[in-house]
Amino acid sequence: MKLHRPPDHAPLLLLPVLFFAACSTTALRIPRNAPALARAAQDLKFGAKKTRSAEARAASYVDAAALASTYFPDATPAKSAQIIYNTASGKLVDLLRSADDGHLWNRELSLSAYDSTYRLRFHPAERHGGWDPNYFTDFKISQAVKPRLLRRSVTEPGFGGTLVGIRKTPWNPLAPRPQFEPKVGFVAPVTAALDFSGTEATLRLLDPAERKTVRIRGREQPLAADFSAPLGIHKPISEFWQGLMGLMEVEKYLSSSGIYMLHPYDPDRIPVLLVHGLLSTTQMWENVINEVEADPQLRGRFQFWVFGYPTGNPVPYSALRCREDLAKIERLYPMPHGFIIVGHSMGGLIAQMQAIDTGRALWDANLKKRADKLYAKLPPENLVKRALIFDADPHLKRLVFICVPHRGSGLALNSIGAIAIRLITLPTSLTKVITDTMGDALKTVGGKTRLPNSITSLSPRNPTLLAMDKLPIRAPYHSIIGDRGKGDTPNSSDGVVPYWSSHLDGAQSELIVPGPHGSYELPQTIAELVRILHQHLEKKDATPRPQPRTHKK
């Protein structure tokens, strides 16, 4: 399809040419000696007109990128040319993937604009830094994504249209949730780049975490990137409200609990599993992830997972759910480098329970006089038995504890803790198993049986914590501890957890940060996490071959 050429005087205008790019208006000044660049800017306008056919719009975007790319070496119009090229490349991908139910996607196209006919082809997957065009089910232009919770946007200037690639399993009300897939799907930063040889155009979808440059018309150019936009795809929630409901209405949130991989699984990147604490959700980690991605040396070396769970459940049960998901992942995916866990507050206890061999220590501590009889009587698949008897995960290579109550918190014993205990409602199926298994080993208060929950799990008198404190942690670990800025360690507290509870003698490092219990977002905390991740990469023994897991009967 041919398009009508604009009047000859149009490219010679010195006035700014305005076009819309991802909901914002950018002014471009086109010099008199750059008529093709003025035509490229006009192409962007034509490409945005939804009344035209998808192929005609695509032709305009390809023509705009082709014309703009001829100006890259020139100093005067280069910036305007770069903006036009980047916008056209990104909008082309968004258009072709979504138009006509993807009919135009990943197939060779003949596209005519003005007096040029381009043959557009899609570059196949590349071993390093190039996505398969069919991998993602959708794309969002990164400028249109607003990461409302992030303190800053992590981007790299350069060439190419920055996008968020989304891979989402089609919704099926009769099928269970796809394993480890977030509600929005797997997301990743993608940069679209068009290269030209005459009228031959090649569209590449690149991973900016793995490559820094792109070749356009025979010249290496820095690759543009937006690493924050993928986090903005996740819909913001009320952290306090969702955390409170997860504490009180456990059963309602139980079906959605589990490990979620935020990005597509990559065996070459080390997983970092983030575990939130009491009254919180996985959303709390967004700024932490964003700041780690800001480090160019860590970017592309790690992949982030989160474990979400209703925080009213007893800690051993939540740790069991986490352990079971990790076992599934280890069966489905290779773990050549193992993984790291970062846990905040109660999430640190869940993390710790992935790194200890319990033997019967937790079982005996909780069941007391009935321990031997019940151990012999109950099968290995009994829920309480699985929650209290387990081995350390051999794939776990490092832990980071942030404000973790290893020996409990006095708040679990005061009036606030007492109120919280009464507000928590555990799932009926869970309470039945606990009651049937533990029987008179359960604590009674006022003549009534008190079932264990997350608050009782945090008591300094809790038998599980007392027993865990004597068990070695089978992987290197680090502590980050808050002191509210008072600087009175070892008599300090983060306002919830005292230093004596957070401190571990065997930690490879311990950092006291001047902040409260929610110090996971402090600059000092994030800097220490970044340091630890660098250290992990530098250790020659950081990625030993995983050993087979052993199971106790």
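Values for this structure:
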read-out: Residue ID - surrounded by the most Cβ atoms within 10 Å (Cβ to Cβ), chosen from residues in segment 95-148 that are among the charged types (D, E, K, R) and in a strand (DSSP E or B); value: Lys140
read-out: Of all residues making up segment 262-319, the number that are of a type in the set (D, E, K, R), assigned to a helix (DSSP H, G or I) and under 25 Å from Pro336 (Cβ atoms); value: 1
read-out: Qualifying residue in segment 172-185 (condition: part of a strand (DSSP E or B) and surrounded by 18 or more Cβ atoms within 10 Å (Cβ to Cβ)); value: no
read-out: Scan of segment 154-171 for residues that are assigned to a loop (DSSP other than H, G, I, E, B) and surrounded by 16 or more Cβ atoms within 10 Å (Cβ to Cβ), ordered by number; value: Val154, Gly158, Gly160, Lys168
read-out: Residue match in segment 248-260 (condition: at pLDDT 95 or above and open to solvent by less than 40 Å² (accessible area, probe 1.4 Å)); value: yes
read-out: Options Asp440, Asp494, Asp488: the member that is at negative phi and either surrounded by 17 or more Cβ atoms within 10 Å (Cβ to Cβ) or modelled with pLDDT of 95 or more (or both); value: Asp494
read-out: Scan of segment 124-168 for residues that are more than 20 Å from Val93 (Cα to Cα) and of a type in the set (S, T, N, Q), ordered by number; value: Ser153
read-out: Positions within segment 208-244 being modelled with pLDDT of 95 or more, in a loop (DSSP other than H, G, I, E, B) and within 30 Å of Pro310 (Cα to Cα), in sequence order; value: Phe227, Ser228
read-out: Residue satisfying all of: in segment 289-309; under 10 Å from the mean Cα position of the chain (by Cα) and among the β-branched types (Val, Ile, Thr); nearest to Tyr333 (Cα to Cα) among these; value: Val306
read-out: Test: residue in segment 423-435 that is modelled with pLDDT of 85 or more and part of a loop (DSSP other than H, G, I, E, B); value: no
read-out: In segment 496-527, the residues that are in contact (Cβ under 8 Å) with a residue 24 or more places away in the chain, touching a Ser or Thr at 6+ places or on another chain (Cβ under 8 Å) and not in a loop (DSSP other than H, G, I, E, B); value: Pro498, Ser501, Ser502, Ser509, Glu510, Leu511, Ile512, Val513, Ser519, Thr525
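Condition check ((1) within 29 Å of the chain's Cα centre (by Cα); (2) modelled with pLDDT of 95 or more; (3) not hydroxyl-bearing (Ser, Thr, Tyr)) across all residues:
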| position | (1), (2), (3) |
| --- | --- |
| Gln354 | yes, yes, yes |
| Gly359 | no, yes, yes |
| Ala371 | no, no, yes |
| Pro380 | no, no, yes |
| Phe390 | yes, yes, yes |
| Pro394 | yes, yes, yes |
| Arg398 | yes, yes, yes |
| Ile402 | yes, yes, yes |
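A quick yes/no check of all residues on (1) open to solvent by 10 Å² or more (accessible area, probe 1.4 Å); (2) assigned to a helix (DSSP H, G or I); (3) within 30 Å of Pro147 (Cα to Cα); (4) of a type in the set (Ser, Thr, Tyr):
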{"residue": "Arg323", "(1), (2), (3), (4)": "yes, yes, no, no"}
{"residue": "Pro336", "(1), (2), (3), (4)": "yes, no, no, no"}
{"residue": "Ile341", "(1), (2), (3), (4)": "no, no, yes, no"}
{"residue": "Asp357", "(1), (2), (3), (4)": "yes, no, no, no"}
{"residue": "Lys369", "(1), (2), (3), (4)": "yes, yes, no, no"}
{"residue": "Tyr375", "(1), (2), (3), (4)": "yes, yes, no, yes"}
{"residue": "Pro379", "(1), (2), (3), (4)": "yes, no, no, no"}
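The values are calculated or read from the model by the stated rules, or taken from the named source; none is laboratory data. None of these values were measured; they are calculated from a predicted model. Because the Cβ atoms are built from the backbone with ideal geometry, glycine has one as well, and the counts that use them run over all protein chains shown. Ligands, DNA and RNA are stripped out before the accessible areas are found, and what is left, the full protein with its side chains, is counted by its heavy atoms. Shrake-Rupley method; radii C 1.70, N 1.55, O 1.52, S 1.80 Å.
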